[in-house]
Amino acid sequence: MDFTLSEAALMRRQMLRMVAEQLMRPISRQFDEEEHTEPHDFFNAMWMASKSNKDATSIGADSKSDDEKGSGPKQPRESTLLAAVQIEELSWGDAGLYLSVPNPGLGGAAVNAVGTTEQKERFLKHFYDGEKPRWAAMAITEPHFGSDSKQVATTARRDGDEWVLNGTKIFCTSGYRALELSDGFIVAWATLDKSKGRPAIKSFIVPSGTPGVKVTKLEDKMGIRASDTAEITFEDARIPADNILGTEEILETGRAGFKGVMATFDATRPIVAASAIGVGRAALDFVKETLAGSGIEIRYEASPEEMTVLEHDVLQMEAQLQAARLLTWRACNMMDRGERNSREASMAKSKAGLAVTRVTQKAVEILGPMGYSRKHLLEKWMRDAKINDIFEGTQQINLLIVARSILGYTSKELN
Amino acid sequence: MIDIRLDEDQQLILETVTAFAREKIRPAAREADESSTVPAELIAQAWELGLIQASIPEEFGGHGRSDSVTGTVVAEAMADGDLAIALHALSPRLVIDPVLHLGSQEQKREILPRYCGDKFVPGSAAVMEPRWNFSVTSLATTARKQGTEWVLDGQKSYVPNAAESPWIVVYARDEAGVVGAFLVAHGTPGLEIGEREKNMGTRALETYEITLKDCRIPLSARLGADAMTMLRRARVAQSAMAVGVAKASLEYAIGYAKERDAFGKKIAQKQAIAFMLAEMAIEVDASRLLNWEAAWTLDQNDAGVREVALAHRYASEAAMMVTDNGIQVLGGHGFIRDHPVELWARNARGFAIFEGIASL
């Protein structure tokens, strides 16, 4: 058992702390107030940094460099854990800007998980080439569903050596940047035949510039405003036949492709939890600093008689945050060891989303007029926090997954 | 590098002790609570398991691994069987641990072998005091130095095995305000053992109120200097037991919910119940992880004030929530003593209160 961060983790955390303090915090308020403007300097700085350290921030890229560098005995993998540490730090800086970092994102993760060698070559291998930042994104949600992902109604019809896509996607993070601001791509779920349900749902790689694909709305959000959240419309959008994601085998066996992509959620759920924790920690750090500035120190062993409400509240916040963090690290450990971690990933995600929602709400309350004012970033962090309770699987969906797991129930038995 | 799991030895200990707790301790739990008696033959069997001897280093007759993390594994597994029986079976550590961590070589040589014999010998520690505003950081029990003696004065409550244990480790505040651990041998003048207490839970455990009135012990009977780290270790062990009791309640509720029919389905298939169980499972795991971190931090260098405080607070609250929900899932049946869930909730209420009773 070990609760110390490795050298690699400490180094990255330190590096990203600098990014957070120097590149993110100074522009946080601006890109929160000026939603739909692009922080180009930030994009370029992060792009250049990512090119020289490919696995610095992206979930999708195959991050082998640190783990397998150097001589000596083989180091155990810790890439998921490292990602969690990094993402916590970046989100501590600014969660919206973290989501805006040009990288393969969830689209890249999907290609990495179930793509053919040729697809990985075509879409991932040269992702970081060139001076211009690039994004990839994942488009699943449609106006009539979010959690119930088998309700995909966007259609894909085969026509000669092309697929023709028709439909609408909403809530696509970085959809605009992937399709219109850069030479990127999205991975969109579409159905070959709605009457056949889940087995007919496939993923399709849609590059930027595809005719018939348009970003039709940029959402105005409560928080993470620096991140673009796009509505995308497909009107007879045509993509090459070999842009259907996955091998022939995956496509023929029906469920496997769907499952493969769902399995990426076991990796991404702890990552989103880590991001949430970063936001929560920003709030907690600010509360403690402010209290310390007024001479109030939190005593961990004060008796109930002596303990102030403030100390009690801060201790609760700290405990909830640490609980979420340890659940997240556990899920990361398991992923790194190649162990199935669906239950643990969902535990981490549901706990983190709710805990951080409450931690940030409480932080604003504790700091009263300071908390409520836009002179400080705290109110923004509360607005940024909430989405973590919702995207990448809502708290309720993740609780459902945990429940099925502990009860040994299928989705038919418990829904 | 972050690695949040037990090692192979600890895993084996977990499996062995869990099997014993489920097969032997659990079936005896209800009767023990009703009769306020821990069955002696069960304690003898627990002794055979060698858990106590395993916490004593070889040079003193044991076969020793006394780190806090392993202690939490044992404590959680035993409490999963029954809290009162676990507290009694592990009570020797109320004496062993302070001696091991704070005592001199002489004290270790004198006391530890006593707990490595072929029979169970109970242990005892006096931490809590009979007032609503008790806290370890403001003990009312005092220790005054007078010549070649310490003079102890005060009242303690919830002292397990006070009447049977050869020593009671009494926690008192010295004149400098430092919390000390003082070895008080059975029969010392000035040590008065009161009537056996009646408690809300852990009824099978024999606990006593004791009074120290001008109780004089040799200077050498103080174990080390500052005993706060010992009390933190105790909190960690207690929190582990909280996880064990909560886990028992969760698993029992899952079993019941999968069998019980209502509105055309098993109640486990209804979201209200399913979500309650999922939240219970998350809190059990979260408590355990926080407590492992606290135990591990203590083992590194006796550090961990923050980690221990967070884990203790969290695990106590979680155990109360989980055991309360354990009753709730069973509905009316949860209120009846035919099922163990009400016992677990009564037991769990103690975790926010005991403050170091389970010094394991």
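For chain A, the alpha-carbon radius of gyration amounts to 0.99 times the rule-of-thumb value 2.2 N^0.38 Å expected for a compact globular protein. The residues neighbouring B:LYS119, those whose beta-carbon lies less than 15 Å from its own, together hold a net charge of -3 under the Lys/Arg +1, Asp/Glu -1 convention.
Classify region B:1-129 from the C-alpha gyration tensor, please: rounded if a/c falls under 1.5, else prolate or oblate depending on whether a/b exceeds b/c. Cα axes put region B:1-129 in the oblate bin.
Determine the gain in length on full extension of the stretch A:GLU21-A:ASP236; use 0.36 nm per residue of separation and subtract their C-alpha separation, reporting nm with one decimal. Could the numbers behind the result be given before it?
On the way: separation 215, 0.36 × 215 = 77.40 nm, distance 4.52 nm.
Full extension of this stretch gives 72.9 nm more.
Helix A:105-114 sits at what angle to the longest principal axis of chain A, using alpha carbons and giving 0 to 90 degrees rounded to 10? Its long axis makes an angle of about 50 degrees.
Size descriptors for region A:176-216 (Cα atoms only): Rg and Dmax, in that order, 12.3, 36 Å. Comparing B:MET276, B:MET241, B:MET78 in a Gaussian network model of chain B (Cα springs below 10 Å), the most mobile by mean-square fluctuation is B:MET276. Taking the Cα atoms of the protein assembly as shown, the ratio Rg/Rh between the radius of gyration and the Kirkwood radius comes to 1.03. In deg cm²/dmol, rounded to 500, what helix-only [θ] at 222 nm does chain B give when every DSSP H run of at least 4 residues adds -39500 (n - 2.57) and the total is split over its residues? Result for chain B, helices only: -15500 deg cm²/dmol. The convex hull defined by the C-alpha atoms of region A:280-415 has an orientation-averaged projected area of 10.5 nm².
How far is helix B:92-102 tilted, in degrees, relative to the longest principal axis of the Cα atoms in chain B, given as a value from 0 to 90 rounded to the nearest 10? Approximately 60 degrees, to the nearest ten. For chain B, the orientation-averaged shadow of the C-alpha convex hull comes to 18.0 nm² (one quarter of the hull surface). Between A:ALA49 and A:HIS126, the FRET efficiency estimated from the beta carbon spacing at R0 = 22 angstrom works out to 0.75. Across region B:222-350, how large is the tail of the calculated P(r) beyond 19 Å, expressed as a percent of all Cα pairs? For region B:222-350, the share of Cα pairs beyond 19 Å comes to 52 percent. One equal scatterer on each Cα of region B:93-245, no solvent, Debye formula: the resulting log10 I(q)/I(0) at q = 0.13 Å⁻¹ is -0.56. Under a Gaussian network description of chain B, with springs only between Cα atoms under 10 Å, the residue in B:ILE43, B:ILE85, B:ILE267 that fluctuates furthest is B:ILE267.
Amide H contacts of B:GLU129 (H built 1.01 Å from N, in plane; Pro and chain starts excluded): B:SER157 sit under 5 Å, all sequence-distant by 5 or more or on other chains. Selection among A:PRO102, B:GLY62, B:ALA29 by position relative to the dipole of the protein assembly as shown gives A:PRO102 as farthest towards the positive end (Cβ unit charges, Cα centre). Using θ = phi - 60° in the Karplus curve 6.51 cos²θ - 1.76 cosθ + 1.60, the 3J(HN,Hα) couplings for region A:375-386 round to 5, 10, 7, 4, 5, 5, 5, 5, 5, 6, 5, 4 Hz; x is entered for Gly and Pro.
Straight-line cross-link reach from A:LYS362 at under 17 Å between alpha-carbon atoms covers these lysines, not counting any fewer than eight positions away in the same chain: A:LYS288, A:LYS351, A:LYS380, A:LYS386. As a ratio to 2.2 N^0.38 Å, the alpha-carbon radius of gyration for region B:169-279 is 1.74.
Sequentially through region B:144-155, phi angles give Karplus couplings (6.51, -1.76, 1.60; θ = phi - 60°) of 10, 7, 9, x, 9, 9, 9, 10, 9, 9, x, 10 Hz, Gly and Pro residues having no value and appearing as x. When you work out D = kT/(6 pi eta Rh) for region A:107-254 at 37 °C and 0.692 mPa s, using the Kirkwood radius from C-alpha pairs as Rh and the Stokes-Einstein form, the result is 213 µm²/s. Using a cutoff of 8 angstrom between alpha carbon atoms and counting only pairs six or more residues apart, the relative contact order for chain B works out to 19 percent. A Gaussian network model of chain B, with springs between Cα atoms under 10 Å, assigns the largest mean-square fluctuation among B:GLU76, B:GLU106, B:GLU206 to B:GLU106.
Per-residue mean of foreign Cβ neighbours for B:302-310 is 4 (Cβ atoms of other chains, 10 Å radius).
All of the numbers you see were taken from the coordinates with simple rules; none came from a lab. Note that the structure is predicted; figures quoted are calculated from it, not measured. Positions of Cβ are generated from backbone atoms using ideal geometry, with glycine treated the same way; all protein chains shown enter the neighbour counts.
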